[in-house]
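Engineer: Before we start, here is the structure in question, set down as structure tokens.
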Amino acid sequence: MFIVFEGIDGSGKTTISKKLAKSINAFWTYEPSNSVVGELIRKILSGNVKVDDKTLALLFSADRIEHNKKIKEELRYRDVVCDRYLYSSIAYQSVAGVDEDFIRSINRYALKPDLVFLLICDIETALKRINTKDIFEKKEFLEKVQEKYLDLAKKEGFVIIDTTDRTVEDVYSEVFKTVKLRSNYGF
Ligand SMILES: Nc1ncnc2c1ncn2[C@@H]1O[C@H](COP(=O)(O)OP(=O)(O)O)[C@@H](O)[C@H]1O
Ligand SMILES: Cc1cn([C@H]2C[C@H](O)[C@@H](COP(=O)(O)OP(=O)(O)O)O2)c(=O)[nH]c1=O
């Protein structure tokens, strides 16, 4: 199974996705990935280099093409759990002003996940959880991103979990139950 975690920064994706991968012996990975394109993206996100929003959208999709090769290879042997994926591009880049059709079009070759968790969180709580801030980590922007994610969730059937005022253990146990139900193995 190819399982994806989406949500705003500070919603708990990294914590929960790593925990899940460990317990089901899956390969854990993330976007922006560790490809050469991913490294360039990180420089841009830190605010040191500026590019057009459409250029950044293209870089995320290029990084995803590179990352997909690794994901497909790993899926031959085990499940893959990914911290952010295609829906980060649709949510963040569209809120940044890039046309959604353009984003979908440049991502049309991206492998479809089997299960997507959307972790939602009160914005103030999420911001308190984040240490280092990148160019997108501002209250008004993240509010819009979360709304966009919720729109997508309805259309695409994501499993939505609110992590505000819940412990990691509590959120994780809900995630694990869902994965168990959706998988053929019954871990
Ligand atoms: N349910 C939760 N309750 C309280 N703190 C959490 C919860 N989930 C994650 N955290 C903490 O919040 C911070 C950000 O979590 P992280 O998993 O990195 O979020 P994301 O990957 O979505 O940015 C971390 O310090 C983590 O320990
Ligand atoms: C994968 C992806 C991430 N992003 C953004 C979301 C985050 O603000 C940023 C970096 O993601 P991430 O590494 O998850 O941030 P952090 O380490 O702070 O949790 O990139 C996009 O805008 N589009 C994308 O397609």
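Engineer: Does GLU156 satisfy the criteria of being closer than 17 Å to PHE5 by Cβ, loosely packed, with under 13 Cβ neighbours inside 10 Å and at pLDDT 95 or above? Write out each step before concluding.
Structural biologist: On the way: closer than 17 Å to PHE5 by Cβ: yes; loosely packed, with under 13 Cβ neighbours inside 10 Å: no; at pLDDT 95 or above: yes.
For GLU156, the condition - closer than 17 Å to PHE5 by Cβ, loosely packed, with under 13 Cβ neighbours inside 10 Å and at pLDDT 95 or above - is not met.
Engineer: Looking at (1) at pLDDT below 95; (2) within 16 Å of ligand 1 (Cβ to nearest atom); (3) not charged (D, E, K, R), which is the only condition VAL4 fails?
Structural biologist: All conditions pass for VAL4, except number (1).
Engineer: Related question: Just to check your reading of the model, which residue among LYS139, LYS72 is modelled with pLDDT under 95 and either charged (D, E, K, R) or touching a helix residue (DSSP H, G or I) at 6+ places or on another chain (Cβ under 7 Å) (or both)? Even if it seems obvious, please write down each step before you answer.
Structural biologist: Values: LYS72 fails: modelled with pLDDT under 95.
Answer to the check: LYS139.
Engineer: Only residues that are β-branched (Val, Ile, Thr), within 9 Å of ligand 2 (Cβ to nearest atom) and open to solvent by 10 Å² or more (accessible area, probe 1.4 Å): list them for the range 5-35, please. Break it down stepwise before answering.
Structural biologist: Here is the first cut: in the range 5-35, the residues β-branched (Val, Ile, Thr) are 8, 14-16, 24, 29.
Those still in the list that are within 9 Å of ligand 2 (Cβ to nearest atom) too: 8, 14.
Passing the criteria: only THR14.
Engineer: For the range 78-99, does any single residue satisfy the condition of being more than 18 Å from ILE8 (Cα to Cα), at pLDDT 95 or above and surrounded by fewer than 20 Cβ atoms within 10 Å (Cβ to Cβ)?
Structural biologist: yes
Engineer: Out of everything in the range 7-53 that is within 15 Å of ligand 1 (Cβ to nearest atom) and of a type in the set (Lys, Arg), what residue ends up being nearest to the chain's Cα centre (by Cα)?
Structural biologist: Out of the qualifying residues, it is LYS13.
The values are calculated or read from the model by the stated rules, or taken from the named source; none is laboratory data. Every value quoted in this text rests on a predicted model; they were computed, and no experiment measured them. Every residue, glycine among them, receives a Cβ derived from its backbone with ideal geometry; neighbour counts consider all protein chains shown. Please note that ligands, DNA and RNA were not included when accessible areas were found on the heavy atoms of the full protein model with its side chains. Shrake-Rupley method; radii C 1.70, N 1.55, O 1.52, S 1.80 Å.
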